[in-house]
Structure formats: C-alpha cells, structure tokens
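Where a number appears in this text, it was derived from the coordinates with a stated rule and is not lab data. The structure displayed is predicted, hence computed values, not measured ones. Note: ideal-geometry Cβ built from the backbone for every residue, glycine included; neighbour counts use all protein chains shown.
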Amino acid sequence: MVYVGVQQVDDTILAELSALPAVKEATLVPQPPAPPAAEGKESTTEAKPVTATPVIKIVAKNNQQAVVNVLGYLNQRDIVISSLEIMQPNLESVFLHLTGKKLRE
C-alpha cells in the first residue's frame, strides 16, 4: 500500500489513479474529526479550525511501479504532494483489507 498526501483531491482524480497500471484501487483516507474545544475556557481570539491534508490510499499490484505511475500522474496535473508513505503488507493490513474490520474489533 502507498499513502500519498495531496493538496487537492476529487472523485475524478481517484478514478483516474485507480485506472493507472499497477494500481488496484485508490481511495480517500477518512480524516479524524477536529478535537472539541476545551470546556470552561473561553478564548478571546477565535480558534482556527484544524485542517488536515487529504491522504489517498493506493492499493498496488506492484508498489514500485505504482509509485512511479502515481507520482507521474500527480506531477502532470500540478497536484502538490505533501507526503508519501510506502507500506509493505502485514497480517493486520491483510485482515483489514479482507474483512473490513481491525483484528481487535
């Protein structure tokens, strides 16, 4: 699996990434909600919302070729890449992929 942080993403980009050679699937990783404001504390300045960079999860047939293809695609469309993480499959990720549940759920 490959995780790519980008500045912008939409359904068209995900569909086109999924169609690239060596890529099985491209999905948007759900972002955690912003933490709640502290109780009993009033701020005189307005709190800025927490914004997370969208992360695309790429399930690859071949990690090396998928990375080359995905980076080339994003570069051609001038989409800014903020992070890149390549992960080798482990037992937990395989179980999650097959069942949709974590090992401890």
Report task. Output the peptides 74-81, 63-70 sorted from most to least packed, where packing is the average of other Cβ atoms within 10 Å over each peptide's residues. Result -> 63-70, 74-81
Query raised in the report: Where does each of 87-93, 18-24 land if you order them by average Cβ count within 10 Å, highest first?
Result: 18-24, 87-93
Query raised in the report: Hey, rough spin-label estimate for F95 and A52, points 7 angstrom out along Cα→Cβ, what's it come to in nanometres?
Result: 2.3 nm
Query raised in the report: What nm distance separates the two modelled labels at V80 and D10, each placed 7 Å from Cα along Cα→Cβ?
Result: 1.8 nm
